[in-house]
Each structure stands twice: as C-alpha cells, then as structure tokens.
C-alpha cells in the first residue's frame, strides 16, 4: 500500500508540473500575440546636393524614405561651390552630390569625402526665358545683344563655369546684369521677369514647366557637366549614406534622373 501511495503521489506531481508548464506557455503565447511590433528607429540622413538636383532628388528622397521606414532624408540644396565651403567649415552632412567634378575634387582635396565619388548623371546648359520669349532670344549669341538683360551663375558655380566655357568656345562675351550663386537663383530671376534670359540647365527648364520657355543651342552639347556623388567624411550614418548613393546610381534611381532630363554618366 505504501508503495502504491508513493507511485500515485509521484504521478500526481508530474501532472501538476505539466499543468503549470502549460499554463506558463499559454501566458507567454498570449503575451507575444498581444505584443505590438517595435517601431522603426528614427534616423535623419542629411544630403548636400547641387541646386539643379532639387526636384529630382526630392522624388528620389521620397522613394528612399518609403523603402527605409523611420528614415527622413533632409536635403540642403545650394550651389556646389557653396556646399563645398560649408563642408570645409564643418557643416554636418552624410552625402554630397555635386553638379560638376571640379567641386567634388575640391571636397576630396579638403578631406570632406570618404571613399571614391561615383558619377551618376550629366547635364548641359539651356537658355530660359519668360513665357513667350519677349526678347526674341534664338541663340547663344543673342544673349550678347545690346539691351538684353541676361542672368548667369557666378564663377566657381558649375553652371557659371559651363557658361564661361561656352563663351570661350564661341567667342561670344556676355555682359550679365546679375551673377547668382545657384542655378535656381538664375531661374527665379527669369520667372519673376527681372531678366530677359538666364543660362540654366536643361533639367531646370523641364522642371519649371510653363513658368519659362526654353531655348536650346547647339554649342551647349560641347560643354557637359558630370555629376558625382559621395559619402562624406565623419558621417555617423555611413551605412545608410552608402545605401542612398547606391539607390541614386541604381537602375531605379537612374530611371528617375532620365525622366527629369539628366543624361547618363
């Protein structure tokens, strides 16, 4: 009888333990089922980009954010030479996209760039005029006619360097009423009617839509600006910055750039 009691007691203990384990597992399963998915870590990627990239990079940034939950892409658009100066002064940025190789090389020389820049697009100049082209601009040479108010980019700014090269190639010397620090500033002068014409990029005329008329000139094809992009030195978002560079240079990114009028690198 004592032996039977001991066996019975042992069996009862096993049953009780099994019941407790099942109850604990049920509680854990219930807790896991009711748990809310963790939110994506919020991060900000700061991109310094040439002003001529504004509309296109805004679209690329929106797509990048959608593919990377929790990430916000903060763009700082300006003339490439201005952005290089800001980098030299310690302005925080994770990626730099220049409108020409000269300014990217300057950024590399001042040790603002990590790794090797990658070319991702090309662009050429186009004349922008107010709607209807009231000054009757038909060629690059027309910009030098007396009384024509033309606005260009300043020396050092990629669109300004390109303009200067076209002047040298054609022998036409312009007398601009204003020299701006970014291509968007030139376009704004034309859109406001403060200028009869401005030298911007093909992509700027495309993005402006009905706000301006575009006048293409054959000499522009001899002066092509190549756009490089790179991760900046000292970024705290190196992996994410590389992902953005990879996206811009990917087939999907290139498709967006081509649609905006940029040429292949």
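Every number in this text was worked out from the coordinates using simple rules, so none of it is lab data. Given the structure is predicted, the values throughout are model-derived calculations rather than measurements.
Against the globular-protein guess of 2.2 N^0.38 Å, express the Cα radius of gyration of the range 190-265 as a ratio, rounded to two decimals.
After normalising by residue count via 2.2 N^0.38 Å, the value is 1.44.
Please give the Cα centre distance for the range 95-113 versus the range 228-265, rounded to the nearest Å.
14
Under 8 Å for C-alpha pairs, at least 6 residues apart: give me the relative contact order for the range 38-129, rounded to a whole percent.
32
Please work out the Cα convex hull volume for the range 163-217 and give it in Å³ per residue.
Expressed per residue, the convex hull around the Cα atoms of the range 163-217 is 86 Å³.
Rounded to two decimal places and with Rh computed the Kirkwood way over Cα pairs, what is Rg over Rh for the range 125-222?
Here Rg/Rh amounts to 0.91.
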